[in-house]
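As structure tokens, the structure follows; a few thoughts come after it.
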Amino acid sequence: MQRQRGELLSFGDVEERLVEAMLVCWRNPDRERGWMRIRSAWPDVVAEPGDYDARGGDQTSSDVEIRPASLTRLEVDEMEEAFGWVDCLKPIDRKLVGLVISQLARGAKQVPWMKLRGPMGLTRGADGLRMRYERAIGEVCRRVNGGFLPSPLVKPVNQQ
């Protein structure tokens with residue numbers, strides 16, 4: 001998401017950018033697991049003609065998942081920038097923002113606030129979690145916009 005010079009980000013813009021960053025983060029390969037898989041399989045691998053198809057699997061093309069495209073430098077830079085925005089928050093608020101953004105990145109239309117109480121260590125107060133999240137993202141908006149609020153102030157979509 002490219003922002004024009006002087007353009008302020010709204011609540012929805014910040015939320016969307018964090019969701020995009022989470023999706024990029026999930027595409028990032030786990031180097032350690034990949035290295036262990038290569039090391040442990042190294043003695044067993046013997047390449048024979050016809051064993052591997054264009055997708056890199058040893059089965060038929062329809063059975064093998066398509067590998068995601070590798071990350072670009074721009075995607076990684078934007079991910080790191082967006083994740084850097086939440087550094088201004090308290091650790092408990094960062095945890096809540098991470099849980100909510102993960103839900104939205106998985107495709108949830110509405111945030112399941114009642115289910116987030118457990119990971120946050122609460123037995124009640126789902127509406128309080130929603131308000132805490134809104135304040136946290138509002139603080140991120142203020143920091144990203146240099147202290148200026150977007151006009152008109154965009155209300156969050158995830159209210160119940």
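Considering only segment 68-84, state which residues are aliphatic (A, V, I, L, M), assigned to a helix (DSSP H, G or I) and over 21 Å from L96 (Cβ atoms). Spell out the reasoning first.
Taking segment 68-84 first, the residues aliphatic (A, V, I, L, M) are 69, 71, 74, 76, 79, 82.
If we keep only those that are assigned to a helix (DSSP H, G or I) as well, we get 74, 76, 79, 82.
Hits for segment 68-84 are L74, V76.
Residue selection: L129 satisfies the criterion of being of a type in the set (A, V, I, L, M, F, W, C), surrounded by 12 or more Cβ atoms within 10 Å (Cβ to Cβ), without any contact (Cβ under 8 Å) to a residue 40 or more places away in the chain and assigned to a helix (DSSP H, G or I).
Hey, does segment 22-29 have a residue that's surrounded by 14 or more Cβ atoms within 10 Å (Cβ to Cβ), at pLDDT 90 or above and under 25 Å from A126 (Cβ atoms)? Among the residues of segment 22-29, at least one is surrounded by 14 or more Cβ atoms within 10 Å (Cβ to Cβ), at pLDDT 90 or above and under 25 Å from A126 (Cβ atoms), which makes the answer yes.
The values are calculated or read from the model by the stated rules, or taken from the named source; none is laboratory data. Values in this document were obtained by computation on a predicted structure and should not be read as measured data. Cβ sites come from the backbone with ideal geometry, for glycine too, and all protein chains shown count toward neighbours.
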